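**Q** Structure provided below as structure tokens; questions to follow.
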Amino acid sequence: MKESEAKILQDNVKRNAKNGVITPVPVSKTKGKDGIKRKQHPESDLQRACVKWFDIQYPQYRLNRMKLDNENKVSKFVGSIKREAGLLSGAADLFISVPQYGKFSGFDYVKICGLFIEFKANRSNKQTDNQIAFQEAQEISNYQYSMCYEFDEFKKIIDNYLI
């Protein structure tokens, strides 16, 4: 992801007072106030901006969205506890638990049970084998699975799914 794109996809979202459009606020910095370089997290920045936009745009579904916490770096001991408790390698980053009825698929109307979204910082980042297997399992079970690389792409995915 280009640095200019990373600055656009930040963790704050605000309403433009003039026209009511929701836009991300650029707040990411490569250096802190103390001048020390900080590690950037463009994928996390993208996801946080998208979730804040979602909560403002669709407040009625705020309790129907959840982050699937599967990418934390932890010790082997904590990792084994999390796996025993249900942690699944390859699970998507975000889940929207709002079913959609009447989506047309071929000749049949089907129920889509929910929406999984996998965030990637840029298009050169590819899915792992576990992520591909997770995607296939969800699509077979009538869940929608989408890849998201940009803030505007997320808005389009959500609007197309919920409207």
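Every read-out reported here was derived from the displayed coordinates using simple, explicitly stated rules and does not represent laboratory data. Remember, it's a predicted structure, so these values are computed and weren't measured experimentally. Heads up, the Cβs are rebuilt from the backbone with ideal geometry, glycines too, and the neighbour counts pull from every protein chain shown.
**Q** May I ask for the net charge around I132, where only other residues with Cβ less than 12 Å from the Cβ of I132 are counted and Lys, Arg are +1 while Asp, Glu are -1? List each step's numbers first, then the result.
**A** Working: positive: K126; negative: E118, D129, E136, E139.
Neighbour charge sum, excluding I132 itself: -3.
**Q** May I ask you to compute the full-extension gain from A137 to E153, defined as 0.36 nm times their residue separation minus their alpha-carbon distance, rounded to one decimal in nm? Show your work: numbers first, answer last.
**A** Details: separation 16, 0.36 × 16 = 5.76 nm, distance 2.33 nm.
Full-extension gain reported as 3.4 nm.
**Q** For the range 56-163, what's the radius of gyration and Dmax over Cα atoms, in angstrom?
**A** Using the Cα atoms of the range 56-163, the pair Rg, Dmax is 15.2, 50 Å.
**Q** Give K82/K126; K73/K111; K76/K155; K76/K156 a once-over and call out the pairs whose C-alpha atoms are over 30 Å from each other.
**A** Correct reply: K73/K111; K76/K155; K76/K156.
**Q** Percent relative contact order of the range 40-163, based on C-alpha pairs within less than 8 angstrom and at least six residues apart? Mind showing how you got there, number by number?
**A** Values: 150 pairs, mean separation 30.2, N = 124.
The normalised contact order for the range 40-163 reaches 24 percent.
**Q** Hey, what do the phi angles of the range 119-134 turn into as Karplus ³J(HN,Hα) couplings, whole Hz, using 6.51/-1.76/1.60 and θ = phi - 60°, x for Gly and Pro?
**A** 8, 10, 5, 7, 5, 7, 6, 9, 5, 6, 4, 5, 5, 5, 4, 4
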